Amino acid sequence: MTTADIAANLEKIQQGVARACQRAGRDSREITLEAVSKKQPPAVIAAAAQAGLSLFSENRVQEAKAKIGQCPGHLRWRLIGHLQSNKCRDAVHFFEMIESVDSLDLAREIDKWALKAAKTIPILLEVNVAGEASKFGYKPEALLAELAAINDLKKIEIHGLMTVAPWTPEPEKVRPVFRRLRELKTQCEQILGAPLPHLSMGMSGDYEIAIEEGATLIRVGTALFGPRATVDAETP
Ligand SMILES: *Cc1c(COP(=O)(O)O)cnc(C)c1O
């Protein structure tokens, strides 16, 4: 993938974002594109940076830790994959946001390391909306039950919700999943008594539908970089 290839893909995605926003009556400036760079080598990430991208998402702490130092220094990184508690220290160090928090214990561990690092970490709470056994994320009821306790932690800030929709060849089928995440965000806002700015939902195959349903963050890998070298454990 050259800079020109990635720039051409980026333009197509921006057109898709614009179309979806037009259908939904939204302003495309409400949507932030995260370039999902998992499995991509630093040279491809550097080419993406040349094409104008600066926000990258990784799903594994170890992989990100090995790559970030070899990538341009101005890039911003987020974690979108399952986080184990023994990796929280690194996660707090390397990522500006953790989008995959799915338990109070994990939130406490992140809070602990954020305190030691004298930082405040923005997080998203990951929800397994469709209840798939193969996926991480809160069950909706469990999220609502733990929300207040997570919100009490001093060094993390809840910025919204994230979901990975089930894979399907017909993106229209995942619309109810995105809609449910948006409704859950409203329920969370009622519990917290404060607005949550972000809904991270939509990937290469379904970001237009996610935007129609209220996504503010879309996480796009394949549509930018082409197929990944190896099959990922978390997403087909
Ligand atoms: C891999 C991944 C993506 C991107 O998937 P594509 O279909 O390649 O766009 C988005 N979100 C998460 C959590 C992922 O693991």
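The values are calculated or read from the model by the stated rules, or taken from the named source; none is laboratory data. Worth saying up front: this structure is predicted, and the values here are computed from it rather than measured. With ideal geometry, Cβ positions are generated from the backbone for all residues, glycine too; neighbour counts draw on all protein chains shown.
Give the residue that is nearest to Leu79 (Cα to Cα), with candidates limited to residues of region 176-224 that are touching a helix residue (DSSP H, G or I) at 6+ places or on another chain (Cβ under 7 Å) and without any contact (Cβ under 8 Å) to a residue 24 or more places away in the chain.
Across region 176-224, the extreme among qualifying residues is Ser204.
Could you count how many residues in region 149-160 are touching a residue at least 40 places away in the same chain (Cβ under 8 Å) and surrounded by 15 or more Cβ atoms within 10 Å (Cβ to Cβ)?
Going through region 149-160 one residue at a time, the tally reaches 7.
Residues checked against (1) basic (Lys, Arg); (2) over 19 Å from Leu184 (Cβ atoms):
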{"residue": "Val92", "(1), (2)": "no, yes"}
{"residue": "Lys112", "(1), (2)": "yes, yes"}
{"residue": "Lys119", "(1), (2)": "yes, yes"}
{"residue": "Ile123", "(1), (2)": "no, no"}
{"residue": "Val129", "(1), (2)": "no, no"}
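With under 20 Å from Arg76 (Cα atoms), among the polar types (S, T, N, Q) and assigned to a helix (DSSP H, G or I) as the only criterion, which of Gln14, Gln22, Gln40 stands out?
The conditions single out Gln14.
Here is a check on your reading of the model: is Gly205 within 24 Å of Lys119 (Cβ to Cβ) and within 16 Å of the ligand (Cβ to nearest atom)?
no
Select, from Glu172, Glu146, Glu96, Glu109, the only residue that is farther than 24 Å from Ser37 by Cα, surrounded by fewer than 16 Cβ atoms within 10 Å (Cβ to Cβ) and either out of contact with any Asp or Glu (no Cβ under 7 Å at 6 or more places or on another chain) or in contact (Cβ under 8 Å) with a residue 12 or more places away in the chain (or both).
One residue alone meets the criteria, Glu172.
Conditions (1) part of a helix (DSSP H, G or I); (2) β-branched (Val, Ile, Thr), marked per residue:
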residue	(1), (2)
Lys173	yes, no
Val177	yes, yes
Glu183	yes, no
Leu196	no, no
Ser204	no, no
Ile209	yes, yes
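What number of residues within region 175-214 satisfy the criterion of being in contact with an Asp or Glu (Cβ under 7 Å, 6 or more places away or on another chain) and loosely packed, with under 15 Cβ neighbours inside 10 Å?
Summing the residues that are in contact with an Asp or Glu (Cβ under 7 Å, 6 or more places away or on another chain) and loosely packed, with under 15 Cβ neighbours inside 10 Å in region 175-214 gives 1.
Looking at (1) modelled with pLDDT under 95; (2) away from the ligand (no atom under 16 Å from the Cβ); (3) among the charged types (D, E, K, R), which is the only condition Lys185 fails?
All conditions pass for Lys185, except number (1).
Kindly indicate whether any position in region 112-124 is without any contact (Cβ under 8 Å) to a residue 12 or more places away in the chain and either of a type in the set (S, T, N, Q) or buried (at least 21 other Cβ atoms within 10 Å of the Cβ) (or both).
No; the residues of region 112-124 include none that is without any contact (Cβ under 8 Å) to a residue 12 or more places away in the chain and either of a type in the set (S, T, N, Q) or buried (at least 21 other Cβ atoms within 10 Å of the Cβ) (or both).
So how many residues does region 8-39 have that are closer than 13 Å to Ala223 by Cβ and out of contact with any Asp or Glu (no Cβ under 9 Å at 6 or more places or on another chain)?
The number of residues fulfilling the criteria is 10.
Out of Lys87, Lys67, Lys38, which single residue is free of Cβ contacts under 8 Å to residues at least 60 places away in the same chain and touching a strand residue (DSSP E or B) at 6+ places or on another chain (Cβ under 8 Å)?
Being free of Cβ contacts under 8 Å to residues at least 60 places away in the same chain and touching a strand residue (DSSP E or B) at 6+ places or on another chain (Cβ under 8 Å) holds for just one of Lys87, Lys67, Lys38, which is Lys67.
Take the residues of region 43-71 that are part of a loop (DSSP other than H, G, I, E, B) and among the hydrophobic types (A, V, I, L, M, F, W, C): which is farthest from the ligand (Cβ to nearest atom)?
Cys71
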